[in-house]
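J.: Next up is a structure, given as structure tokens.
The values are calculated or read from the model by the stated rules, or taken from the named source; none is laboratory data. Just so you know, these numbers come straight off a predicted model, no measurement behind them. Glycine gets a Cβ as well: all are built from the backbone with ideal geometry, and neighbour counts include every protein chain shown.
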Amino acid sequence: MHVPILDLKPAYDELRSELDAAYHRVMESGRLLLGPELDAFETEYAQSVGVGHCIGVANGLEALQLVLMAIGVGPGDEVIVPAHGYIATWLAVTHAGARPVPCESDERTYNLDPDRIAALITSRTKAILPIHLYGQTADMERINSLAASHGLFVLEDGAQSHGARCHGRASGSLGHAAGISFYPSKNLGALADAGAITTPDGLLADKLRHLRNYGSKIRYQNDHIGLNSRLSELQAAFLRVKLPHLAAWNARRVRLAGRYLEQLRTVGDLVLPSVPDWAEPVWHLFVIRTARRAELQKYLTAHGIGTQIHYPTPPHLTGAYGGSGWKRGDFPLAERLADEVLSLPIGPHLTEEQVDYVSAQIQTFFKK
């Protein structure tokens with residue numbers, strides 16, 4: 001059996017007529033930027049999250065960067081970020097002119113550990129930027145409480161958590177604002193790079209609408225130093241087609257994740273995902289840990305199963321941050337996770353038979 005780590009075509013097959021109609025609707029309109037499709041998607045996505053405002057932008061990295069710019073984060077400032085996660089979160093802070101301050105994760109959930117944050121707060125700290133990693137929200141009640149006691153802004157990185165909930169509240173509504181990616185592989189994926197910002201703050205939303213468009217509200221009148229970061233009409237139209245299917249697709253992911261958890265619970269040295277009772281994850285990724293990762297990955301590849309490592313190099317050890325003074329050993333948990341995590345196939349169009357095959361091959365590997 002062949003089980004790819006990711007296959008985007010089945011989503012198109014399922015929604016082919018709607019997506020094709022959306023394409024023709026936009027192309028026939030002649031309006032490609034800042035038009036009615038974007039306005040409609042922003043309204044619909046904000047409603048789905050439960051916030052007052054959504055601002056469509058070009059991608060998830062710039063969504064985070066624009067929020068930091070809008071709240072005045074810049075040179076000399078610090079933003080607390082997870083030590084384990086994709087480098088884009090760190091890059092947003094750096095592009096805003098500030099310094100990312102890494103914080104180790106909770107080893108059970110891989111999300112930012114609230115118990116470690118307080119020790120990192122200084123007079124230069126301006127914001128906390130948790131990632132809702134792998135489709136499960138960070139412990140936002142504790143993070144928000146700590147931030148409020150220090151007067152800090154909380155910016156969610158919701159790139160992997162479309163539809164996830166924390167204490168019953170949706171990802172994207174859990175902080176002062178959220179930066180979201182609609183990269184094609186996400187739970188709600190566009191057909192190219194795309195992103196958005198959600199916030200309950202109307203004044204912040206208004207400023208962000210200027211900043212994404214060269215800092216301009218009226219053409220040729222530039223009131224801010226902004227970016228060119230606009231969600232296109234075409235991608236907005238595609239996202240409008242997919243949004244009504246998100247809950248059902250997430251429910252499929254939940255069922256498949258439950259099947260993995262049941263079948264892999266006592267296998268080898270595997271460490272399986274842990275879900276707190278207040279969390280409702282949407283399983284953007286299903287990530288296991290094992291000290292025998294390289295062997296297991298090679299074995300699964302030989303048996304037609306795709307896997308991926310999210311993420312093989314912690315940001316503090318990348319070349320991008322090589323001049324920042326961090327070295328191996330500074331964040332041992334992040335480094336250990338980078339050496340052990342392995343993502344198994346999961347997605348709304350994966351079948352139960354495929355999940356059973358993957359689980360059986362993993363069981364066989366450890367028996368051997």
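J.: Which ones in segment 107-151 are assigned to a helix (DSSP H, G or I), closer than 17 Å to Gly175 by Cα and in contact (Cβ under 8 Å) with a residue 12 or more places away in the chain?
T.: Scanning segment 107-151 gives Pro114, Ile117, Leu133, Gly135, Met140, Glu141, Arg142, Ile143, Asn144, Leu146, Ala147, His150.
J.: Here is a follow-up. Give Glu107, Glu18 a once-over and let me know the one that is under 27 Å from Leu285 (Cα atoms) and more than 21 Å from the chain's Cα centre (by Cα).
T.: After ruling out the rest, the residue left standing is Glu18.
J.: Also, quick follow-up: Within segment 35-73, which residues are more than 25 Å from Lys126 (Cβ to Cβ) and polar (S, T, N, Q)?
T.: Listed by number, the residues that qualify are Thr43, Gln47, Ser48.
J.: Any idea which residue in segment 235-293 is farthest from Ala338 (Cα to Cα), counting only those that are part of a loop (DSSP other than H, G, I, E, B), of a type outside the set (A, V, I, L, M) and in contact with a Leu (Cβ under 7 Å, 6 or more places away or on another chain)?
T.: For segment 235-293, the residue satisfying everything is Arg265.
J.: All but one of (1) farther than 18 Å from Gly158 by Cβ; (2) in contact with a strand residue (DSSP E or B) (Cβ under 7 Å, 6 or more places away or on another chain) hold for Ala237; which doesn't?
T.: Ala237 satisfies every listed condition except (2).
J.: So Ala320 ticks every box in (1) assigned by TED's automatic domain parsing to the domain that holds Ser105; (2) over 27 Å from Leu188 (Cα atoms); (3) under 25 Å from the mean Cα position of the chain (by Cα) but one. Which box is left unticked?
T.: (1)
J.: Okay, moving on. Looking only at segment 1-30, count every residue that is loosely packed, with under 14 Cβ neighbours inside 10 Å and closer than 14 Å to Ser232 by Cα and tell me the total.
T.: 3
One line per residue, one yes/no per condition, for (1) more than 25 Å from Asp7 (Cβ to Cβ); (2) free of Cβ contacts under 8 Å to residues at least 12 places away in the same chain; (3) of a type outside the set (S, T, N, Q):
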position: Val241; (1), (2), (3): no, no, yes
position: Thr266; (1), (2), (3): yes, yes, no
position: Trp283; (1), (2), (3): no, no, yes
position: Leu296; (1), (2), (3): no, no, yes
position: Gly304; (1), (2), (3): no, no, yes
position: Thr307; (1), (2), (3): no, no, no
position: Thr313; (1), (2), (3): yes, no, no
position: Thr318; (1), (2), (3): yes, no, no
position: Trp326; (1), (2), (3): yes, no, yes
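Yes or no, residue by residue, for (1) hydroxyl-bearing (Ser, Thr, Tyr); (2) surrounded by 15 or more Cβ atoms within 10 Å (Cβ to Cβ); (3) assigned to a helix (DSSP H, G or I); (4) in the same structural domain as His95 (by TED's automatic domain parsing):
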site	(1), (2), (3), (4)
Ser324	yes, yes, no, no
Ala334	no, yes, yes, no
Ile346	no, yes, no, no
Gln354	no, yes, yes, no
Gln361	no, yes, yes, no
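J.: I'm told Gly329 meets every condition in (1) assigned to a loop (DSSP other than H, G, I, E, B); (2) under 28 Å from Ser181 (Cα atoms); (3) not acidic (Asp, Glu) except one. Can you identify the failing condition by its number?
T.: (2)
Each row is one residue, and each column tells you yes or no for (1) at pLDDT below 95; (2) surrounded by fewer than 16 Cβ atoms within 10 Å (Cβ to Cβ); (3) on the phi < 0 side of the Ramachandran plot.
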{"position": "His210", "(1), (2), (3)": "no, no, yes"}
{"position": "Lys217", "(1), (2), (3)": "yes, yes, yes"}
{"position": "Ile225", "(1), (2), (3)": "yes, yes, yes"}
{"position": "Gln235", "(1), (2), (3)": "no, no, yes"}
{"position": "Lys242", "(1), (2), (3)": "no, no, yes"}
{"position": "Ala251", "(1), (2), (3)": "no, yes, yes"}
{"position": "Ala257", "(1), (2), (3)": "no, no, yes"}
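J.: Only one residue in Ser149, Ser161, Ser185 is more than 22 Å from the chain's Cα centre (by Cα) and of a type outside the set (Lys, Arg). Which one?
T.: When all the criteria are applied, what remains is Ser149.
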